[in-house]
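K.L.:
Input: one structure, supplied below.
The values are calculated or read from the model by the stated rules, or taken from the named source; none is laboratory data. Predicted model, so just to flag it, every value in this text is computed and none were measured. Cβ: placed from backbone, ideal geometry, glycine included. Neighbour counts: every protein chain shown. Areas reflect the complete protein model, heavy atoms only, side chains present, ligands, DNA and RNA absent. Shrake-Rupley method; radii C 1.70, N 1.55, O 1.52, S 1.80 Å.
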Amino acid sequence: MLNNWFPNVIWENIWLATKETLYMSGIALLATFILGIVLGLLLFLTSKGQMWESKFINVIVSAVVNIFRSIPFIILLILLIPFTIIVVGSMLGAKAALPALIIGAAPFYARMVEIGLREVDKGVIEAARSMGAKTSTIIFKVLLPESMPALVSGITVTAIALIGYTAMAGAIGAGGLGDLAYKEGFQRSKNDVTMLATILILLIVFVIQFIGDFITSKLDKR
Amino acid sequence: MITLSKVSKVFGTRSLKSQPIKAVDEVNLTIDKGEIFGIIGYSGAGKSTLIRMLNGLETPSTGSVVVAGNTISSIKGRNLRKARQEISMIFQHFNLLWSRTVHDNIAFPLEIAGVKKSERQKRVNELIKLVGLEGRENAYPSQLSGGQKQRVGIARALANNPKVLLCDEATSALDPQTTDSILELLVDINKRLGLTIVLITHEMHVIRKICHRVAVMEGGRMVEQGPVLDVFKNPTAQITKRFVQQVTEPEETKDTVAHLLENYPQGKVVQLTFVGENTESPLITKLIRNFQLDVNIVQGKISQTQNGSYGTLFIHMDGTDEEIAHAITFIKEQQVGVEVISDAE
């Protein structure tokens with residue numbers, strides 16, 4: 001029956017493209033999560049009145065984050081080609097999309113992390129300080145656990161944005177569902193391929209949103 | 001236990017136009033071991049800043065702060081963190097970690113101090129019993145009432161066996177009944193563990209109920225300090241008088257006295273203040289027997305403090321001026337404070 005609905009679809013290609021999309025988004029998401037938290041913490045801790053208050057570092061990190069967040073992703077992909085060749089050794093394939101995906105998504109997530117950390121009750125941080133906690137203890141036992149629902153809902157939003165980015169990364173030969181929809185579906189006028197790729201991307205997004213919402217609500221004990 | 005000498009804190013302002021704010025101004029203070037010391041003042045009096053200098057959350061601009069042998073005002077880093085484990089703090093808004101259960105919240109300072117897990121478990125159980133939260137170990141703060149949250153706060157503060165407990169408006173967010181139960185818990189802890197307690201509040205009720213000594217702050221300055229009963233007996237500063245009135249006079253006193261002065265232009269309305277043992281002597285009976293006077297009791301109240309009771313009584317005396325003057329002299333001889341009220345102010 002499926003073959004009647006999608007006559008032009010080569011299932012092997014669809015499967016391969018789905019795997020590529022999941023691979024690109026998965027690895028990029030993991031790296032974005034870590035890098036975003038590090039940058040977000042840096043933004044938060046160096047801001048005014050915080051433990052590592054430093055206008056200099058804050059302004060620099062802030063500027064870097066804003067610049068990479070502002071460049072349209074498709075342009076960032078092209079700009080990063082030389083960098084990608086140095087790091088990955090090639091500019092083709094799913095792996096080659098990773099640097100751009102991470103550099104595009106991490107600053108976006110870093111801002112969300114910063115907002116999440118700002119919402120941690122100042123009194124609780126003060127209480128931890130009054131108990132003689134080190135900054136590292138405050139980070140790992142107060143700031144991150146207390147902002148975890150915000151961090152998780154932020155990474156959910158970022159993950160969905162990343163899926164969108166992977167589709168664009170197809171344009172520089174990274175593969176994936178976006179690439180398939182464009183080259184197979186659009187350029188060869190096989191609308192059913194485009195349709196199926198879209199459905200699959202939607203499915204992935206729904207699943208991510210569902211998991212993200214579920215974890216967030218489980219974590220939030222407020 | 002705690003010594004503050006010439007402590008000032010100035011908050012600089014960024015803009016050049018506005019003057020720097022002097023939050024605490026040349027405060028000298030000594031608090032003894034095992035004492036419950038209260039600092040009272042309205043908001044903005046500098047009491048929050050002052051208490052935060054006791055554990056180094058704020059550093060004084062000038063002067064020195066010594067707590068439990070550590071010069072808090074000058075130590076930094078590891079030493080300060082170590083010293084803070086001996087100076088605990090509880091807060092108006094409890095400041096519990098919502099992501100941790102009651103048990104884990106109480107265990108938090110123990111984790112900071114590097115106590116082993118098995119010992120942590122034991123200590124947390126002891127503390128839960130001490131503050132009366134058995135059965136709530138696995139609840140999250142959001143599932144607790146305000147009073148229970150503050151009990152968790154107290155248990156958490158006691159975890160590392162501190163020498164000093166700082167209470168930052170610890171009962172201001174609680175209803176009167178819960179306030180009383182928390183205050184009783186603090187007195188109990190003070191007696192049982194010999195803990196020195198410093199508390200700041202804007203409620204004289206709290207001072208009256210549990211403090212041994214009190215200091216009154218206004219505009220960053222310490223305008224008055226002494227044993228609670230003495231301050232109740234002889235408040236000198238205007239602000240202290242107002243605070244004392246909060247607890248010694250029922251709210252409607254002013255109206256009643258005004259009404260009385262209006263209706264009975266003859267005679268005198270007199271405020272008597274009793275302290276300690278003489279609160280229980282039959283003064284009024286003696287007055288009526290010895291003098292040709294009509295005595296009418298207008299209003300009265302007796303308050304218990306940690307070092308004795310304190311009472312005020314408003315009476316209206318009617319008779320000849322001479323007789324009234326004699327009566328007043330007599331009352332003074334009985335070690336009772338007398339103040340003739342001429343108008344309701």
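K.L.:
Find, to one decimal place in angstroms, the Kirkwood hydrodynamic radius of chain A, where the mean of 1/r is taken over every pair of different Cα atoms and then inverted.
P.N.:
That comes to 19.0 Å for chain A.
K.L.:
Counting only protein heavy atoms, what percent of the accessible surface of the protein assembly as shown is carbon or sulfur at a 1.4 Å probe?
P.N.:
About 56 percent, which is the carbon plus sulfur part of the accessible surface.
K.L.:
What's the average, rounded to a whole number, of partner chain beta-carbon atoms within 10 Å of each residue's beta-carbon in B:87-96?
P.N.:
Averaged over the peptide's residues, the number is 4.
K.L.:
With n ≥ 4 as the cut-off for DSSP H runs, can you work out [θ] at 222 nm for chain A, using -39500 (n - 2.57) per run divided by the number of residues, rounded to the nearest 500?
P.N.:
It lands at -24500 deg cm²/dmol.
K.L.:
Moving on to the next point. Cut-off 10 angstrom, C-alpha nodes, Gaussian network model of chain B. Which of B:R100, B:R78, B:R208 fluctuates the most?
P.N.:
The residue that fluctuates most here is B:R78.
K.L.:
Follow-up question, since we're still on this one. What FRET efficiency comes out for B:H259 versus B:K22 if R0 is 30 angstrom and r is the Cβ-Cβ distance? Round to the nearest 0.05. List each step's numbers first, then the result.
P.N.:
Details: r = 43 Å, r/R0 = 1.44.
Using R0 = 30 Å, I get an efficiency of 0.10.
K.L.:
Top mean-square fluctuation among B:L260, B:L54, B:L183, Gaussian network model of chain B, C-alpha springs under 10 Å?
P.N.:
Result: B:L260 has the largest fluctuation of those listed.
K.L.:
Mind grabbing the interface size between B and A? I mean buried accessible area, both sides, 1.4 Å probe, in Å² to the nearest hundred.
P.N.:
In total, chains B and A hide about 2100 Å² from solvent.
K.L.:
Run through the range B:248-320 and list the GluC sites (Glu not before Pro) located in a DSSP loop whose Cβ has at most 15 other Cβ atoms within 10 Å. Mind dumping the intermediate values first?
P.N.:
Working: sites: B:E251, B:E252, B:E262, B:E277, B:E280; in loops: B:E251, B:E252.
Those that pass, being in a loop and sparsely packed, are B:E251, B:E252.
K.L.:
Could you identify which residue out of A:R69, A:R188, A:R118 has the top mean-square fluctuation in a GNM of chain A using Cα springs shorter than 10 Å?
P.N.:
Maximum among the listed residues: A:R188.
K.L.:
Now for a separate question. Using only alpha carbon positions, build the gyration tensor of chain B, then give the equivalent ellipsoid semi-axes as the square roots of 5 times its eigenvalues, largest first, whole angstrom.
P.N.:
Working from the Cα gyration tensor, I get semi-axes of 45, 24, 17 Å.
K.L.:
By how many degrees, between 0 and 90 and to the nearest 10, does the Cα long axis of helix B:117-130 differ from the longest principal axis of chain B?
P.N.:
20 degrees
K.L.:
Follow-up. Among the aspartates and glutamates, which have Cα under 20 Å from the Cα of B:K47 when same-chain residues fewer than 8 positions away are ignored?
P.N.:
A:E126, B:D25, B:E26, B:D32, B:E35, B:E58, B:D168, B:E169, B:E203, B:E218, B:E224
K.L.:
Please enumerate, by chain and number, the aspartates and glutamates with C-alpha under 14 Å from the C-alpha of A:K190, excluding those fewer than 8 residues away in the same chain.
P.N.:
Partners found: A:D179.
K.L.:
Could you work out the relative contact order of the range A:21-219, using alpha carbon pairs under 8 angstrom and six or more residues apart, expressed as a whole percent?
P.N.:
Reported as a whole number, the value is 25 percent.
K.L.:
Rounded to the nearest 10 degrees, what's the angle between the helix B:238-248 long axis and the longest principal axis of chain B, both from Cα atoms, 0 to 90?
P.N.:
80 degrees
K.L.:
Only four residue types carry charge here, +1 at the Cβ of Lys and Arg and -1 at the Cβ of Asp and Glu. Report the dipole size of the protein assembly as shown about the Cα centre in Debye, rounded to the nearest 20.
P.N.:
2800 debye
K.L.:
Separate question: Among A:S153, A:L196, A:A181, whose Cα projects farthest towards the positive end of the dipole of the range A:126-203, with charges put on the beta-carbon of Lys, Arg (+1) and Asp, Glu (-1)?
P.N.:
In the range A:126-203, that residue is A:S153.
K.L.:
Leaving out same-chain residues fewer than 8 places away, which lysines sit with a Cα under 19 Å from that of A:K141?
P.N.:
List returned: A:K122, A:K218, A:K221, B:K82, B:K116, B:K117.
K.L.:
Using every pair of alpha-carbon atoms in the range B:22-145, split the distances into 5 Å bins beginning at 0 and state the percent of pairs per bin, rounded to integers.
P.N.:
All Cα pairs considered, the percentages come to 2, 9, 16, 18, 16, 16, 13, 8, 3, 0.
K.L.:
Toward the positive end of the charge dipole of the protein assembly as shown, about the Cα centre and with charges on Cβ (Lys, Arg +1; Asp, Glu -1), which of B:Q225, B:P162, A:I67 goes farthest?
P.N.:
A:I67
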